[in-house]
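These notes are about the structure you will find just below.
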Amino acid sequence: MSIFEKLESEVRSYSRGWPVVFDRAVGSHLYAEDGTPYLDFFAGAGALNYGHNNPVLKKALLDYIGRDGVTHALDMFTVAKRDLLETLEANILRPRELDYKVIFPGPGGANAVEAALKLARKVTGKESVINFTNAFHGMTLGALSVTGNSMKRSGAGIPLVHATPMPYDQYFDGVYPDFLYFERLLDDSGSGLNEPAAVIVETVQGEGGINAAGFEWLRGLSDLCQRHNILLIVDDVQMGCGRTGPFFSFEDAGITPDMVCLSKSIGGYGLPLALTLIKPELDVWEPGEHNGTFRGINPAFVTAAEALRTYWSDDELEKSTRAKGERVGAALQSIAEAYPEHGLTAKGRGLARGIEFPNGEIAGRVCGAAFDRGLLMETSGPDSEVAKLLPPLTLSESEVDEGLEIIDASVKAVLGK
Ligand SMILES: Cc1ncc(COP(=O)(O)O)c(C=O)c1O
């Protein structure tokens, strides 16, 4: 352990809650170097929707590496990239009648967000972007400027400008009609609101505390953007790739964003990959105007394409995620109802779920108790007050049961029942 404490920066975080050294990982489990198994209800913060070392994806990756397939290729044309684009078109875009072009913005979610924000500003000639309370979009300066969390924002060390936060769905517990404030500011030439280039939104705020926006609210937002000529960017980095059920988390709302940010599970195997999807008429980049060395990690293209073929040629995964999600949601609801004196709330959609506790100290202790019982679960929310569940979508029914039993026992251990 000591080399980590000696050499690794204090900025490390997950290793603090899970102070063991992991070595192997298969399916829904991580194994510490002494062989202790941990049921992984965090799944790489949503990067491992198909589980650890998924055997189908592993085979495709090993075959590709074994035949000396190109590993690094900037944004050159490769066989692996062609296969990914063709599979994305055939299995995802065409069946959903979505007409998007694809930007390879760099390896991570923040790269996908930066590309979307830059392009929205270039297309519209406007600087200002609307974001939402408790949003999280990444740790680079542009992405931080549209992120809510004050601790993360303060890390920037400079003023974060050109973004205006608006209340997310249920921010006022339904007291005010949706978009009352936002629309008033847009309509009032005296409001002081700069005309926005774009709105950026998560359909379910993962880092912000598993806040699921209602479909009505999302439709209202899309409608407002259209009426006011504002581009709508959906950041599906965490909630895309089936996390809430459908491939894109906005499908159930029946909206079509102008841009979509994808990363995390789009690589399939936990390899770095991000995509920014844009309506074709927005593709006004000059060649190389957005750029980066690691936009062509071809092994990630291989596992991404294989994941789209394996899990998105039919609706089996979507249906099973919805069903498991309902089951998990109902179980969390009954845990919450068992402690009326503590006012717990079950939250979420699909297999993005959580329980909100009165404060971060209690939520942290529940996650600690879960770790002691062999379950990895993290907190989220502005005060880390939500214990958040993001299991692999491929987990078995018995793993669902096992995880729920551990959560039940952990809440009991902390709240004293
Ligand atoms: C919604 C959302 N957007 C963007 C990001 C940033 O992704 P990355 O950490 O890969 O830069 C995250 C990461 O958690 C996220 O949840």
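Charged side chains reduced to their Cβ positions (Lys and Arg at +1, Asp and Glu at -1) give the chain a dipole of some 580 debye around its Cα centre.
Adding -39500 (n - 2.57) for every DSSP H run of four residues or longer, then dividing by how many residues the chain holds, sets the calculated 222 nm ellipticity at -11000 deg cm²/dmol. Note down the relative contact order for the chain as a percent, whole number, built from C-alpha pairs under 8 angstrom at least six residues apart. Reported as a whole number, the value is 23 percent.
Could you work out which residue, out of V20, V260, V201, moves most in a Gaussian network model of the chain, that is, has the largest mean-square fluctuation with Cα springs under 10 Å? Largest GNM mean-square fluctuation: V20. Ordered from highest to lowest accessible area with the whole protein assembly present and a 1.4 Å probe, K319, K264 read as K319, K264.
Rolling a 1.4 angstrom probe over the protein heavy atoms with all chains in place gives the chain an accessible area of 44 Å² per residue. Exposure check, 1.4 Å probe, all protein chains in place: K412 carries approximately 90 Å² of accessible surface. Given a 10 angstrom Cα cut-off, can you work out which residue in E341, E318, E251 is the most mobile in a GNM of the chain? Judging by the Gaussian network model, the answer is E341. Around A198, which amide H atoms from residues at least 5 apart in sequence, or from another chain, sit under 5 Å from its own amide H, with H modelled in the peptide plane? Here the answer is I130, L231, since their amide H atoms fall under 5 Å of that of A198. In this label model, D75 and V161 are separated by 2.8 nm, measuring between points 7 Å along each Cα→Cβ vector. Here the accessible area is traced with a 1.4 Å probe on the protein chains. For the chain, carbon and sulfur cover 52 percent of it. Rounded to whole numbers, the Karplus 3J(HN,Hα) couplings from phi for the range 132-146 are 10, 3, 6, 5, 9, 10, x, 10, 7, 4, x, 5, 5, 5, 9 Hz, using 6.51 cos²θ - 1.76 cosθ + 1.60 with θ = phi - 60°, and x at Gly and Pro.
For the chain, give the share of DSSP beta bridges that are antiparallel, in percent and rounded to the nearest 5; count only bridges with both residues there. Here the share of antiparallel DSSP bridges comes out near 65 percent.
Length gained on full extension, A330 to D173, computed as 0.36 nm times the residue gap minus the Cα-Cα distance: 54.4 nm. Legend: distances between Cα atoms for K81/K279; K101/K347; K347/K412; K264/K324; K122/K279; K324/K388; pairs beyond 23 Å are K101/K347.
One chain, two ends: A409 and R12. Fully extended at 0.36 nm per residue, the span grows by 140.1 nm beyond their Cα-Cα distance. Label zone of K152 (point 7 Å out along Cα→Cβ, amide N under 19 Å): in the range 36-67 this covers 42-49. With a Förster radius of 60 Å applied to the C-beta separation of L62 and E195, the computed FRET efficiency comes to 0.70. If both residues of a DSSP beta bridge must be in the range 160-280, then about 45% of such bridges are antiparallel. The trypsin sites (Lys or Arg not before Pro) of the range 1-58 meeting both criteria, a DSSP state outside H, G, I, E and B (loop) and at most 15 other C-beta atoms within 10 angstrom of the site's C-beta, are R12.
The values are calculated or read from the model by the stated rules, or taken from the named source; none is laboratory data. Everything numeric in this text was worked out from a predicted model, so none of it was measured. Backbone-built Cβ (ideal geometry, glycine too); neighbour counts: all protein chains shown. Keep in mind that these areas ignore ligands, DNA and RNA; they rest on the heavy atoms of the full protein, side chains included. Shrake-Rupley method; radii C 1.70, N 1.55, O 1.52, S 1.80 Å.
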